[in-house]
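S.K.: Encoded as structure tokens, here's the structure I'll be asking about.
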Amino acid sequence: MKRPHIQIGPAGSGGLGNLEGVKKAHELGFDAMEVEFTYGVQISNNDAKAIGKLAKALNILLSVHCPYYVNLASFEPCKIVQSKKRILLSSERAHYLGARYVVFHAGFYQSRSEGETYMMVKKEIKDMLRTIKKKKWDIALAPETTGKKSQFGSLDELLRLAGETGCELCVDFAHILGREGRINYRNVFKKLKNIKHIHAHFSGIEYTKKGERRHLITGTKELKLLLGHVVKSKVDITIINESPDPIGDCLKTKDILNSLCKKSSFRI
Ligand SMILES: [Zn+2]
């Protein structure tokens with residue numbers, strides 16, 4: 001079965017566990033689901049294989065979100081080692097899940113300059129990519145655009161990182177808004193035009209001058225704005241919803257998308 005160009009799915013299983021979550025995503029007509037290891041990698045390779053098999057049968061595209069406790073630019077070398085272990089463990093599970101994108105927040109600037117932080121993150125990503133290649137895990141490391149100004153991960157930083165290391169990226173549009181205080185979708189999609197498939201996150205967001213404070217239910221207006229640009233730019237994209245109600249908001253996303261596509265005669 002041919003996949004749609006715009007794939008929608010929730011972050012996590014809504015508390016159902018991954019197997020039931022995949023079934024639910026299928027029942028509700030979604031295309032994707034992100035497996036959350038945000039508080040630790042709690043499944044085995046065998047569990048991952050079983051979940052991956054079901055997802056493949058039901059045509060649900062899986063991705064993985066690594067634990068939050070990651071800082072590839074820490075001042076403490078042992079924290080960098082631990083961070084890489086968490087990302088690599090998530091990568092191994094992703095391989096058995098049949099999930100391509102392994103999403104993580106790469107780190108914090110602390111007192112370092114942006115340039116210095118970039119070089120540190122780049123070195124560790126290259127090192128992890130060597131391990132992934134050696135282990136033959138069929139996955140893509142995808143550092144995510146971050147919502148706080150104290151976090152490494154502007155869109156420009158991540159595009160440069162992808163160009164220089166061979167990693168990919170996860171574009172969280174809500175985080176770009178939180179970080180920058182505004183988002184110009186036309187510019188964002190222009191910057192992404194050479195990316196074959198965009199792995200993205202979306203939700204509503206509350207933010208201050210320092211950036212993201214928390215994720216919110218996704219507003220209809222915000223969804224229409226994003227999806228309008230997605231349809232217009234004809235990109236190949238997966239949009240994972242990370243709001244406090246990802247399943248409800250995916251249903252809303254699908255509805256809006258269907259009516260937009262009817263209007264523009266764009267086939268998804
Ligand atoms: Zn995100």
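The values are calculated or read from the model by the stated rules, or taken from the named source; none is laboratory data. None of these values were measured; they are calculated from a predicted model. For neighbour counting, all protein chains shown are included, and Cβ atoms are generated from backbone atoms with ideal geometry for every residue, glycine included.
S.K.: Does at least one position in the range 41-64 carry a residue that is away from the ligand (no atom under 16 Å from the Cβ) and within 20 Å of residue 129 (Cβ to Cβ)?
M.R.: Among the residues of the range 41-64, at least one is away from the ligand (no atom under 16 Å from the Cβ) and within 20 Å of residue 129 (Cβ to Cβ), which makes the answer yes.
S.K.: While we're looking at this one, here's another question. How many residues does the range 198-209 hold that are farther than 15 Å from residue 158 by Cβ and either within 16 Å of the ligand (Cβ to nearest atom) or outside any strand (DSSP E or B) (or both)?
M.R.: Summing the residues that are farther than 15 Å from residue 158 by Cβ and either within 16 Å of the ligand (Cβ to nearest atom) or outside any strand (DSSP E or B) (or both) in the range 198-209 gives 7.
S.K.: With of a type in the set (D, E, K, R), surrounded by 19 or more Cβ atoms within 10 Å (Cβ to Cβ) and touching a residue at least 40 places away in the same chain (Cβ under 8 Å) as the only criterion, which of 144, 164 stands out?
M.R.: Unique residue meeting the criteria: 144.
S.K.: Shifting gears a bit: Which residues, taken from the range 68-93, are within 16 Å of the ligand (Cβ to nearest atom) and at pLDDT 95 or above?
M.R.: 70, 87, 90
S.K.: Moving on. Can you go through 22, 41 and tell me which one is β-branched (Val, Ile, Thr) and buried (at least 24 other Cβ atoms within 10 Å of the Cβ)?
M.R.: Residue meeting the stated conditions: 22.
S.K.: Right, next: If residue 146 satisfies all but one of (1) in a loop (DSSP other than H, G, I, E, B); (2) farther than 17 Å from residue 121 by Cα; (3) within 15 Å of the ligand (Cβ to nearest atom), what's the number of the condition it fails?
M.R.: With respect to (1) in a loop (DSSP other than H, G, I, E, B); (2) farther than 17 Å from residue 121 by Cα; (3) within 15 Å of the ligand (Cβ to nearest atom), residue 146 is out only on (2).
S.K.: Report yes if residue 117 is farther than 22 Å from residue 36 by Cβ, hydroxyl-bearing (Ser, Thr, Tyr) and modelled with pLDDT of 95 or more, otherwise no.
M.R.: Against the criterion (farther than 22 Å from residue 36 by Cβ, hydroxyl-bearing (Ser, Thr, Tyr) and modelled with pLDDT of 95 or more), residue 117 qualifies.
S.K.: Continuing with the same structure: Going through the range 175-212 one residue at a time, which ones are under 29 Å from residue 99 (Cβ atoms) and basic (Lys, Arg)?
M.R.: 179, 190, 191, 193, 196
S.K.: Among the aliphatic types (A, V, I, L, M), within 20 Å of residue 250 (Cβ to Cβ) and under 21 Å from the mean Cα position of the chain (by Cα), is that true of residue 62?
M.R.: Criteria met by residue 62.
S.K.: While we're here: Scan the range 172-191 for residues that are away from the ligand (no atom under 16 Å from the Cβ) and either out of contact with any Ser or Thr (no Cβ under 7 Å at 6 or more places or on another chain) or outside any helix (DSSP H, G or I) (or both) and jot them down. Full working, then the answer.
M.R.: Start the filter on the range 172-191 by keeping residues that are away from the ligand (no atom under 16 Å from the Cβ), which leaves 181-182, 184-187, 189-191.
If the condition is that a residue be away from the ligand (no atom under 16 Å from the Cβ) and either out of contact with any Ser or Thr (no Cβ under 7 Å at 6 or more places or on another chain) or outside any helix (DSSP H, G or I) (or both), then 181, 182, 184, 185, 186, 187, 190, 191 are the ones that fit.
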